[in-house]
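Values quoted throughout were computed directly from the atomic coordinates according to the rules given, and no laboratory measurement underlies them. This one's a predicted model, so the numbers in the text were calculated from it and none came from an experiment. In this analysis, Cβ positions are derived from the backbone assuming ideal geometry, glycine residues included, and neighbour counts consider all displayed protein chains.
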Amino acid sequence: MKTSDYESRCGNCHAYMIKSDLFCRYCGTKRGDGAFEPFDELEFVQYAYGPPIKTRFKCEACGYNWETTVFGGDDSRFCPHCGKNALQIVERTILNFEDAFSLPNEEDSVQDTE
C-alpha cells in the first residue's frame, strides 16, 4: 500500500520520527525536508529481533542527551536535536523479555535526559 503520510516520517528515508525530533535519527534530514515521495508502508515494518534494549545517547556536538528502549536495540546515527553525526552511546542495558510486555510504544519510550 502506497502512502504519503509524512506527519511522523522522515521526508528522506521514511523512518519513523518521534514528535520531539527536529532531525531524523537515522539519516540526519531536518524535519520537513526531503522529497516526500510516496513510499510502500510494508517496506518499513519493524521486526523485533532480540530482547528490548535501553540505550542512552549523548550528542558530542550539542550535548543533547536521550534514551530509547527498542527491541533489538536502536541504530540511531544522528542527533535528533542538531542533526550532527556525533553520537556517543553512554549506556546500553539489555532488559528481560518479561519486561517487554510492559514497555511503552516507541514514541513513549524516547525520553530527553537533559
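I18 to I94: FRET efficiency via 1/(1 + (r/R0)^6), r the Cβ-Cβ distance, R0 30 Å, to the nearest 0.05? It would help to have the intermediate numbers written out before the result.
On the way: r = 22 Å, r/R0 = 0.73.
After rounding to 0.05, the efficiency reads 0.85.
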- Note on the structure: 1/(1 + (r/R0)^6) with r = Cβ-Cβ of E37 and C62, R0 = 30 Å, i.e. FRET efficiency to nearest 0.05, evaluates to 0.50
